[in-house]
1. With respect to the cross-link table entries B:K246/C:K63; B:K115/B:K242; A:K251/C:K248, which display a Cα-Cα separation exceeding 25 Å?
2. Using alpha carbon centroids, what distance separates segment C:216-277 and segment B:185-230, in Å?
3. Long-range amide H contacts for B:L168: which residues qualify at under 5 Å (H placed 1.01 Å from N, peptide plane, sequence gap of 5 or more or a different chain)?
4. Below 8 Å between Cα atoms, with a sequence gap of 6+, how large is the relative contact order for chain C in percent?
5. Just need the relative contact order of segment B:50-143 here, percent rounded to a whole number, with Cα pairs under 8 Å and 6+ apart.
6. Work out from phi, with θ = phi - 60° and the Karplus expression 6.51 cos²θ - 1.76 cosθ + 1.60, the ³J(HN,Hα) of each residue of segment B:60-77, listed in order in whole Hz, and give x for Gly and Pro.
7. Please list 3J(HN,Hα) in residue order for segment B:199-212, calculated via the Karplus relation 6.51 cos²θ - 1.76 cosθ + 1.60 where θ = phi - 60°; whole Hz, with x for glycine and proline.
8. Would you please give the residues with an amide H less than 5 Å from that of B:S179, counting only those at least 5 places away or on a separate chain, with H modeled from the backbone geometry?
Amino acid sequence: MCQSPVHERLQQFFNPPYGATLIFPFRFHGLALVANCRRPSRGSECMQAINLNRSAFAILFIALAFTAVGCNRRVEYGPRAEASIVEEIRRTLSAPAPATEAAAETADAAPVGWATIKGTFTVLENVPEPAPLAQAKTDPACAKHVVVDESIVVQDGALVGAAIFARSPKLPLTPDLAEPTGDVVLDNKNCRFEPHVFFARTGQKVLVRNSDPFGHNTKIDSVANPSQNFSLPAAATVEHTFGKEELQPVKIGCSIHPWMGGWAIVRGNPYGGVSDERGSFVIEKVPAGREIEFQLWQEKAGPLDGVTINGGEVKVDGKGRFKLKLEPDQELALDISVPADALK
Amino acid sequence: MGKFWSLLFLLVPILGVYCFVYGWLYNIWLPEDVSVHGHTIDKLFFFITGLTGIVFIGTEVALFWFMWKYDRASNTAPVKFTHGSHSLEVVWTIVPAATLLFISIYQLNAWAEVKLESHMPKIPPTVQVTARQFEWRLQYPGKDNVIGTSDDIYAVNDLHLPVNEEILVELKSMDVLHSFFLPNFRIKQDAVPGMRIPIWFRATKEGVYDLVCAELCGWGHYKMKGQLTIESRNKYDEWLNKMYEKQEATHDTQSVASTE
Amino acid sequence: MALAIGCGRSDAPRFKLNLPAMELPPGPILPAQRQEIANALTALFGTPDQPYVVPESGLDLAKIKLAAGPVGSDQAGLHRGLYRQHCGHCHGTTGDGMGPTAAILNPYPRDYRQGKFKYKSTKRDATPTHDDLVRILRQGIMGTAMPSFALLAPSEIDALVEYVKYLGLRGQVELSLIQAAADLGEGENLQLDRALLIDEVLVSEADKWKTASEQIIDPPDRPDVPLAESIAKGRELFYGAAKGNCIKCHGPTALGDGVTTDWDDWNKPLGEQDRDLKLAKTVLAELQQQRSQAATSDAIKELDEQIAAQREDIANRQSLVNMLQSQMLPLRTIMPRNLRLGLYRFGRRPLDLFRRVHEGINGVPMPGGGLTPGFTPEEMWHVVDYVRSLPFESINRVKADPKIAGMSQR
């Protein structure tokens, strides 16, 4: 940015218009100052002097360029805001909000019935066994456990810890699901989080427990909800609830044992799940008769795309999303086949 | 043209003297002296200023006179070179040497009074001042009069001291060279990392005075400003008590913004 | 000189986008969405020279204008540009804690953009109150490069605090928009309307600042126990693994020589990516080792494929780490406080220390006793008393204690 005016200036130095010699009546010739000549002819002594000057300035320029590079961290600022669009946004912001009742109505409309989704995540190719974490061995209390990197866990072709959840937040609920049922337990056990990935509804009780005979802490890096850091002495349990839905899975960690990691999928509705050790999940009482968008997620891959569902019957987009419209009382089986390439 | 240059150079002593006299007339020479020892330093200052002022005026006038007399336009005769005068050289060497020797002896008392540790009052330090980029950290000894115990009172940039009492400041630096400068007390002492340097003085007048750093200590040197409040013993004790109470607070009593 | 003239005519300063957050998971955010976020942020907050706030932010534009813009006085003699004069060189124009002098400081200056502050009177995750920030400005932070601005006029301190809140809120809104952008489907755009910008994002982020004063920790009265007894009890808790377990990080000597393998939240994204890159490199080395010992041609072929895949993975990670390194300050691990110096960041009042013990310190591993089951406020007061006595406790006492001397430094 700051180079272009400099460049222009140096251009003037290198190729001065003849008028400019009136302003600069002297030129540097090596170290000596020589009087200028008005209209130098090619090959004249004066022209040679000017050429020498040019090379001197070239060296000076290179030196200065180096200084500039040395002094300035190249700071990226990101794209510049577009003034006209900014004005437009400000105009829309000062206008009163349009009524959104129409949208709310459709969300609350009673569904024609309820359906169940059962599915499995399978990986056909060979995936390397989870590697033991060297860092865990440095801790005397944890050295006796084999702590592995759980970012990809495949057991007998089943992908463990992959998540599926409904993206649309405003979905009707059966009366028995109106309030969250059952508690989720997040256990600090054998120097790892059990479960490694869990699904929790907003308002659902999450019992954070420590089953190890030594202290842990559980750090929940939620974004929409206040982040939390529980200090857990041996055998302690604390309660935690997420008040708001989290757009992205929430990372869970332990500051005492930095390699410990886990994930929480926090959604405003109960329509989601995490695959168990057989790679399977069940989502019950899903509203039927309307299109619902689902998201697939896996720790290593993030949004899980490039998968095939029921042999290509259900189209999955590049963000690991697909839409389903269920019939009442339907029991839909989803066979999600994940190529090893998708887990990167 | 030559006359012009000589007249121009004559302006230097005239303007110089004008500044000196103007400063004197309007009392903008030195900030108000509110310390007991300050007048000896001021006396020295004015003595040396007077002495150098006389030499300055003499030199400038001589310069003018030579320029005026030996102007190129009116001196067309060939220039004659001369070796000079041996006795004159001896004189202009001995006179300044003697003057310097006199000054060095004349100032001995003033120096001893302010800097020599044998003149240091035999009292425990009133306050420990720790210079740090870019602030003054202050630590008062508290009730037991010993610095470094659990009842010390801490403050920053806001130095309070009692009037008409011997004051012993213990100066430290946490990082680089700083200089503890109290213009109204004629005190300027470098703070050197790793050293505890005593400074003593006695204030004669209540008021709020500047405390500044007089050693370029880094990019934030300009913001290293403090203030010194000289107050009566009662008010000073009251202030110390208030600071101590605040420091021992176990509850929010008042809004911080309104009290500090 | 030509260069200086050239640079002197550079554009008006502008806010920097949070590019590391846009690059990291759940990103990367696409260029079109980055442009949208830049537009939305400028619409909501203006530029460093021309700040702007919407009423829902709860910020006072008059105060912000006093702190913003270039340094100088206006016609009424009001001093302006306070932030750039006093704060910008460390905390940066954007409030990202990356001003020109930031890299030479330890600890680094605060990055306001997450709305996350360490020293405050409120709950761990809450934002500080206005008074908390005023106090920080007046007192400075001992043990850091943050000096005291006690001699600035109260109105100037007020303006600066408002500006810090403004920069914080701007950064929080940016992070929320990044989350929203990451959640978009393919080919979708952010709807930069009132529903998203104000109702969904700004109001909830601004509420964090507005409700801060409701979340102040007011401790119960200190138990009526003689100080010596309280100190002794605090000492037990400090060394005990059950509740305090302070020695885990602060060390058996309390010199801050315990475990220090973690990063603070501001450094963490870079730390984790850097760690994963190193891990990927060791995996590659292992694979190469295996290949050199492989017997069958099938095994070699398979290993070659794995090695190629691993190399590609490393290249991707390396470019991400390079990008982060160019946009962030050099990585530093956390440093547990040396409690024997008697330097207390947010002040030495028992009240301040109680709040630290009760809530921990946001953004760093220091946990809060208030979130530890079975840790009572009385016990926390004992810990406070012990910590306050630590600078005056002889270190020989610790070294002579057989129970502690035998303790391995984990």
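1. Too far apart for the 25 Å limit: B:K246/C:K63; B:K115/B:K242.
2. Using only Cα atoms to place each centre, the spacing works out to 37 Å.
3. Those lying under 5 Å, H to H, from B:L168 are B:T126, B:V127.
4. For chain C, the relative contact order is 17 percent.
5. Averaging sequence separation for qualifying contacts and normalising by length gives 11 percent for segment B:50-143.
6. Each residue of segment B:60-77 in turn: 5, 5, 4, 4, 4, 4, 5, 5, 5, 6, 9, 4, 5, 5, 9, 10, 9, 5 Hz.
7. 10, 10, 6, 9, 8, 10, 8, 6, x, 10, 10, 7, 10, 10
8. Amide H neighbours of B:S179, under 5 Å, 5+ apart: B:A191, B:A214, B:E215.
None of the figures in this text is laboratory data; all of them are computed from the coordinates on show. Quick caveat, the model's predicted, so the values are computed rather than measured. Glycine gets a Cβ as well: all are built from the backbone with ideal geometry, and neighbour counts include every protein chain shown.
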